[in-house]
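A quick write-up on the structure given underneath.
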Amino acid sequence: DNNSLSFSFDAITKKNSMLIIDGRPRWETRYVRNLFERDERWETRSAIAGPGANSSKLPRGDKGDVFPTEKNVLFGYDLIVLGEISTDLFEEEEIEWIVDFVTRRGGGLIMLDGPRQKFREYAEDENNPLAGLLPVKWREDGAKRLSPKSLRLTELGKSTTALFLEPQPERNLEIWNYAPKPGWVAPTESLPGTEVYLEALIDEQGEDVVPLLVTRPLSAGRVLYAGFDGTWRWRYEVGDKYHQRYWHQVASWIMEQPFAVSDEFVAIDPGASTYRPGETAAIRVRVKDREGKPLDDPEAEVEALVWRDGKVVATVPMETNTESGGLFRGETPALSPGKHLVTLRVSGYGDDELLSNVEFLVKEPESPELATLTCN
């Protein structure tokens, strides 16, 4: 009666979507676009404009390789890759849309710097809203582009699975140490409250170091600054092996994780499909108002009801802030074994309007006999 093993899995049925914006069709963004276009799990669009591009004006529209003409269309993307493009090509409200995409929509933004140092111009312009998204500042010594001697993962980077080019930690460090180094790096310093994952050594002694991959959580979303390009060079003699793995992992890391279920007004995610007895579930929900916009009412009361065996076993108050983009978070008490159901209660909405619910299972670990199948 113990010759069976139960398991659960999560299936993501919605394609991820990416918008690439750059000021010229440089090799880095070309390779990134081609990589994700070949992946059936992604929908990829790119809007290229500026000196060296086919168009001096940012292409706009509703379909194809264009920048959206409506904010809600932009908010439909999961990830934006922003390259070295002049903000003069944007309307003022479009820049605000990008900021809101991160801070209110909860989307992911990769700021992919280039040798023309457009992000430096962002940082030096106090009136540029995009400057507030940057997790770095430029060095005061006036340095332009720097030539790195080598790359080095920080201690935080060594433990970040998104940066595992090989599954074995020792082998992963070797790959990063010997990866083709970029031809340039931006002379930056990380800002307080940010996290650095990858560095460039400018001298052999390792005394002059600049951050290359820096993240910054911003309200609902997340920003990754990359102070270099040229990852397409990692394809030398190995094809897609490392280049593809890096970009897929980084994209999934920075973009907002999909919610398990959603309807017209709410989206719910229980954190995991399976928990152990005594653990707590981190519940994440996003609430929209009746106009389809993120609920930003600080007075709104949102509660997650946790059910087991047809009874409410926990009422979890969900917390938020005015800049979260309608994102609420809460944590359950310690869980007991059994199948659990999560529903929502939101002030101003009837129970017949909030249709979504999500299940998760709390169970003891399987027998050691089932963990090691060669055991009798």
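Quick notes
- Count of residues meeting criterion [part of a loop (DSSP other than H, G, I, E, B), touching a strand residue (DSSP E or B) at 6+ places or on another chain (Cβ under 8 Å) and farther than 10 Å from Pro187 by Cβ] in segment 128-144: 2
- Arg329 being of a type in the set (Lys, Arg), modelled with pLDDT under 90 and under 17 Å from Gly271 (Cβ atoms): yes
- Checked against (1) within 23 Å of the chain's Cα centre (by Cα); (2) under 18 Å from Tyr246 (Cβ atoms); (3) small (Gly, Ala, Ser), Gly183 meets all criteria but (1).
- Test result for Asn16, of a type in the set (S, T, N, Q), open to solvent by 90 Å² or more (accessible area, probe 1.4 Å) and in contact with a strand residue (DSSP E or B) (Cβ under 9 Å, 6 or more places away or on another chain): no
- Restricted to segment 1-39, and to residues there that are closer than 22 Å to Glu94 by Cβ and among the basic types (Lys, Arg), the residue that is modelled with the highest pLDDT is Arg33.
- Pair list, Cβ < 8 Å and 6+ apart or interchain, from segment 261-280 residues that are among the polar types (S, T, N, Q) to residues that are in a loop (DSSP other than H, G, I, E, B) and open to solvent by less than 40 Å² (accessible area, probe 1.4 Å): Ser262/Ser356; Thr280/Thr332; Thr280/Leu335
- Within segment 91-120, considering residues that are of a type in the set (Val, Ile, Thr) and out of contact with any strand residue (DSSP E or B) (no Cβ under 6 Å at 6 or more places or on another chain), the one least open to solvent (accessible area, probe 1.4 Å): Ile98
- Consider segment 285-300 and keep the residues that are among the charged types (D, E, K, R) and within 22 Å of the chain's Cα centre (by Cα). The one that is least open to solvent (accessible area, probe 1.4 Å) is Arg286.
- Qualifying positions in segment 65-75 - open to solvent by less than 60 Å² (accessible area, probe 1.4 Å), within 15 Å of Ile20 (Cβ to Cβ) and not in a helix (DSSP H, G or I): Val66, Phe67, Pro68
- Counting only residues that are open to solvent by less than 20 Å² (accessible area, probe 1.4 Å) and either of a type outside the set (A, V, I, L, M) or out of contact with any strand residue (DSSP E or B) (no Cβ under 6 Å at 6 or more places or on another chain) (or both), segment 335-355 holds 1 of them.
- Residues of segment 281-298 satisfying the condition of being out of contact with any Leu (no Cβ under 9 Å at 6 or more places or on another chain) and at negative phi: Ala282, Ile283, Arg290, Glu291, Lys293, Leu295, Asp296, Asp297, Pro298
- Flag if Gln257 is of a type outside the set (D, E, K, R), open to solvent by 20 Å² or more (accessible area, probe 1.4 Å) and modelled with pLDDT of 90 or more: no
- Verdict on Val358 being modelled with pLDDT of 95 or more, under 30 Å from Asp78 (Cα atoms), of a type in the set (A, V, I, L, M, F, W, C) and open to solvent by less than 60 Å² (accessible area, probe 1.4 Å): no
- Any hit, segment 288-298, residues being in contact with a Gly (Cβ under 9 Å, 6 or more places away or on another chain), among the aliphatic types (A, V, I, L, M) and in contact (Cβ under 8 Å) with a residue 24 or more places away in the chain: yes
- Looking only at segment 26-48, and only at residues there that are open to solvent by less than 50 Å² (accessible area, probe 1.4 Å) and assigned to a helix (DSSP H, G or I), the one that is nearest to Lys15 (Cα to Cα): Phe36
- Candidates Thr274, Thr332, Thr315 - the one that is among the hydroxyl-bearing types (Ser, Thr, Tyr) and crowded, with 17+ Cβ neighbours inside 10 Å: Thr332
- Matching entry among Asp309, Asp263 (being farther than 30 Å from Met111 by Cα and open to solvent by less than 60 Å² (accessible area, probe 1.4 Å)): Asp263
- Filter pass, Gly142 being small (Gly, Ala, Ser) and over 18 Å from Asp229 (Cβ atoms): yes
The values are calculated or read from the model by the stated rules, or taken from the named source; none is laboratory data. No experiment lies behind these values; they were computed from the predicted model shown. Because the Cβ atoms are built from the backbone with ideal geometry, glycine has one as well, and the counts that use them run over all protein chains shown. Calculation scope for accessible area: heavy atoms of the full protein, side chains included, ligands and nucleic acids excluded. Shrake-Rupley method; radii C 1.70, N 1.55, O 1.52, S 1.80 Å.
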